[in-house]
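A short write-up of the structure that comes next.
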Amino acid sequence: VSLWQTDAEISIEKLEESVRLFHAIGDEFAEGLTLTVLSLACMSVQPPDLELAEARQRAALELEGGRDPTFDALYRGALGRIRLQRGDLARAMELFEQSLDEAVRAQDMFVESIALTQVGWAQLALGQDASEAFLRNLDLAVRLRNDNGIAFALEGVSASVATTGDLERAGTLLGAADALRARTGLSDQRSYVTFQPFVDAVLASDGAAAFLAGRARGRRMSRRAVLDSA
């Protein structure tokens, strides 16, 4: 729970003990899950311990061993996020694409949505067009009635639009994502914000006023109007 709270203290030691206990009773599935949460915790402490995070996530992936495509996809995506944070864009993209393939194979729309988000941000980091990935993600999130997923997708579409120079529309889409975050109660959470560098760049540009006006408008728009716009 502390991983979702911005003001909570994260205890890696308790998670390490949990891994040891699951290992002692031979519960590899629970051990793999706990290693993944531990990896996330290592990314969340300040400063992040990315080397330990990667070691624990690789251990989880080895335990999974491709037995369950859903969890194989989740673990590959988690490892890809660490590689992305460490600046290894090519390897991160490879892992995200593998995660997406596994999610499709598992016919798991929720995990596919997560993988598409990861692919999209990696594409943007590589200077590629990510709009298709984010729009596919948006479609899945709408079908799943997942407001938090819709917000993730809109953040990605907003960043994609920002790269084209249409800053007012980018602001509108991000404002709509803000509104969804407020509605779900997940607006104040510990997260790995991927769109903030785009926002910072826009606010430092001549298009800041148009972007902010669009963002304010997006926060007031109906969901239907926002989805039609996206």
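The values are calculated or read from the model by the stated rules, or taken from the named source; none is laboratory data. Please read all numbers here as calculations on a predicted model, not as lab measurements. Backbone-built Cβ (ideal geometry, glycine too); neighbour counts: all protein chains shown. Please note that ligands, DNA and RNA were not included when accessible areas were found on the heavy atoms of the full protein model with its side chains. Shrake-Rupley method; radii C 1.70, N 1.55, O 1.52, S 1.80 Å.
Spread over its residues, the convex hull of the C-alpha atoms of the stretch 68-119 is 49 Å³ per residue. Each helix, a run of at least 4 DSSP H residues, gives -39500 (n - 2.57); summed and divided by the residues of the chain, these come to -24000 deg cm²/dmol at 222 nm.
Taking a ≥ b ≥ c as the square roots of the Cα gyration tensor eigenvalues, with a/c under 1.5 meaning rounded and otherwise prolate when a/b beats b/c, else oblate, which class fits the stretch 53-144? The shape class here is oblate. Each of 12, 48, 167 was scored by the projection of its Cα onto the charge dipole of the chain, and the greatest displacement toward the positive side belongs to 167; charges sit on the C-beta of Lys, Arg, Asp and Glu.
Binning the C-alpha pair distances of the stretch 1-106 at 5 Å intervals from 0 yields a P(r) profile of 2, 14, 22, 22, 20, 13, 6, 1 %, listed from the shortest bin outward. Here the simple spin-label model places points 7 Å from the Cα toward Cβ, and for residue 51 and residue 145 these points are separated by 4.8 nm.
Once you compute Rg and the Kirkwood Rh from C-alpha atoms, what is the Rg to Rh ratio for the chain?
Reported Rg/Rh, Kirkwood definition of Rh: 0.99.
Overall, the stretch 1-138 carries a charge dipole of about 200 debye about its Cα centre when +1 sits on the Cβ of Lys and Arg and -1 on the Cβ of Asp and Glu, all other atoms neutral. Label-to-label distance for residue 91 and residue 205 is 3.2 nm, based on points extended 7 Å past Cα in the beta-carbon direction. Computed about its Cα centre, the charge dipole of the chain is approximately 880 debye, with only Lys, Arg, Asp and Glu carrying charge at their Cβ.
Applying Stokes-Einstein at 20 °C and 1.002 mPa s to the Kirkwood radius of the stretch 7-65, computed over alpha-carbon pairs, gives a translational diffusion coefficient of 188 µm² s⁻¹.
Taking a point 7 Å out from the Cα of residue 30 in the direction of its Cβ, the residues of the stretch 37-80 whose backbone N falls within less than 16 Å of it are 37-38.
Return the Rg/Rh value of the stretch 109-230, two decimal places, where both radii are evaluated on C-alpha atoms and Rh is the Kirkwood radius.
0.94
For the chain, the carbon plus sulfur part of the accessible surface works out to 52%, probe radius 1.4 Å. A Förster radius of 41 Å combined with the Cβ-Cβ distance from residue 223 to residue 23 puts the calculated FRET efficiency at roughly 0.35. Once the Kirkwood radius over Cα pairs is known for the stretch 131-173, the Stokes-Einstein relation at 4 °C and 1.567 mPa s delivers a diffusion coefficient of 127 µm²/s.
Residues in the chain average 50 Å² of solvent-accessible surface per residue, probe 1.4 Å, ligands and nucleic acids excluded.
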